[in-house]
Amino acid sequence: MRQSDTPSGIGFSNQDRHVAGLWGGHVSTGWRRARGAGQARLGRGGDLRVPAEYQLADRLLALWRELGEGSYRPGPYVHFHIAEPKRRKISAAPFRDRVVHHALCRVIEPRFERLFIADSYANRAGKGTHRAVDRLQQFAQRYAYVLRADIVRHFPSIDHAILRQTLARTIPEDDVLALVDCILASGAGVLDEEYAMVYFAGDDLLAACRPRGLPIGNLTSQFWSNCHLHPFDQFVTRELSCPAYLRYVDDCALFSDSKRELWDWKRALVDRLAQLRLTIHAREAQVLPTHCGIPWLGFVVHPTHRLVKARKIRATVAHLGERLDDYLGGRISFGEFDASVSGWVNHIRYADSWGLRKQVFRGLRFTMRPPSPKALPEWAATGDGGRPGKCSQRTPTVPARGA
């Protein structure tokens with residue numbers, strides 16, 4: 001462990017350095033990343049947010065020792081639900097455990113990144129939602145038909161034994177695998193009420209007792225989701241020889257100029273996912289012409305333009321209205337309201353949304369105005385820097401608040 005790996009250059013004994021082993025620098029980096037991500041702002045895991053630096057160093061050193069000795073055990077989750085984009089149970093680990101998640105991913109992520117296909121876009125550096133939308137549109141411009149599919153209850157359905165086998169093929173260290181087992185076991189049963197039992201060929205009644213489910217909210221869950229579906233990605237790109245395929249978490253899209261080929265591929269997808277004990281929404285997985293528009297990550301993507309999903313528009317109008325009420329009622333500052341609007345604008349600017357923005361903002365009536373046009377926030381502009389084209393999206397009339 002290098003001196004720079006310790007907080008503020010605090011020195012440790014040779015015995016401490018030996019115990020820390022693989023985890024020394026990764027734990028301190030994990031602490032900085034977890035803190036920097038703002039994950040401790042709700043006060044969960046305040047045991048590491050101490051005022052004195054020497055106390056912090058002592059706690060990090062204790063965590064290093066637990067990892068090095070194999071005595072680390074995760075703490076209990078805090079559970080809550082969100083409603084958008086759909087109702088989900090979120091499980092928040094204590095801050096101390098999130099430090100370990102960052103440290104573990106720092107150790108194993110580079111190994112898997114070298115294996116992942118280029119067109120897997122979720123939870124990866126340099127990827128993300130908008131690049132996935134860009135790539136989908138590129139494929140839509142080149143191919144006549146698309147098969148889009150999504151996995152049923154993806155995170156609640158992930159089988160622990162199958163996932164561990166996949167991870168073990170790339171992680172040779174026993175102590176790292178022991179930590180993987182520890183974190184996996186801490187999430188067993190967390191999402192049981194979200195899962196409807198599915199029996200696959202060869203199952204007996206004991207199949208219902210198989211540990212499954214990754215807590216939504218863990219950094220490890222997001223990363224392991226990609227690891228779990230990596231063999232499936234390889235199957236599509238290599239065995240099916242699909243020339244245009246991309247995936248974002250549990251949503252995937254395959255392109256071809258042959259409808260018959262895509263229907264054959266759909267049957268192959270179902271059979272291959274069954275080996276992972278996963279299923280797709282079969283009725284929604286249809287072969288469609290690309291010119292009709294492809295629902296994808298909150299947008300409807302056409303070869304020539306993109307629109308925002310109508311459901312997203314309705315949810316946004318309701319959310320911004322609530323935030324405006326909070327601002328007018330003095331419960332939040334104008335800066336907080338501005339941040340909500342700016343975040344939404346930054347997302348939908350990837351679609352043809354000039355008319356949509358104009359209509360939504362027309363429905364929001366303010367009582368406080370900036371002193372000059374120059375002081376207007378960026379989102380208050382009514383256009384994208386140009387004139388709206390024929391594909392510019394508009395939303396149904398939004399009643400003015402306070403009218």
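A 24 angstrom limit on the alpha carbon distance is what I want to check against. Which of Lys127/Lys309; Lys89/Lys312; Lys89/Lys358; Lys89/Lys266 exceed it? Don't skip to the end; give the middle numbers.
Working: Lys127/Lys309 22 Å; Lys89/Lys312 20 Å; Lys89/Lys358 34 Å; Lys89/Lys266 30 Å.
With Cα atoms farther than 24 Å apart: Lys89/Lys358; Lys89/Lys266.
Just reorder Ser241, Ser225 by solvent-accessible area, largest first, 1.4 Å probe, all chains present.
Numbers: Ser241 75, Ser225 0 Å².
Ranked from most to least accessible, the order is Ser241, Ser225.
For Thr279, nonlocal amide neighbours, meaning residues 5 or more places apart or on other chains whose placed amide H falls under 5 Å from its own, are Val152.
Taking only protein heavy atoms into account and a 1.4 Å probe, give the accessible area per residue of the stretch 168-247 in Å². Before the final figure, lay out the partial values.
Numbers: 3440 Å² over 80 residues.
Per-residue accessible area for the stretch 168-247 comes out at 43 Å².
Taking Cβ atoms as reference points and 13 Å as the exclusive limit, the residues near Tyr145 contribute a net charge of +2, counting Lys and Arg as +1 and Asp and Glu as -1.
The values are calculated or read from the model by the stated rules, or taken from the named source; none is laboratory data. These numbers were taken from a predicted model, which means no experiment stands behind them. Every residue, glycine among them, receives a Cβ derived from its backbone with ideal geometry; neighbour counts consider all protein chains shown. Heads up: the accessible areas ignore ligands, DNA and RNA and are worked out on the full protein's heavy atoms, side chains in. Shrake-Rupley method; radii C 1.70, N 1.55, O 1.52, S 1.80 Å.
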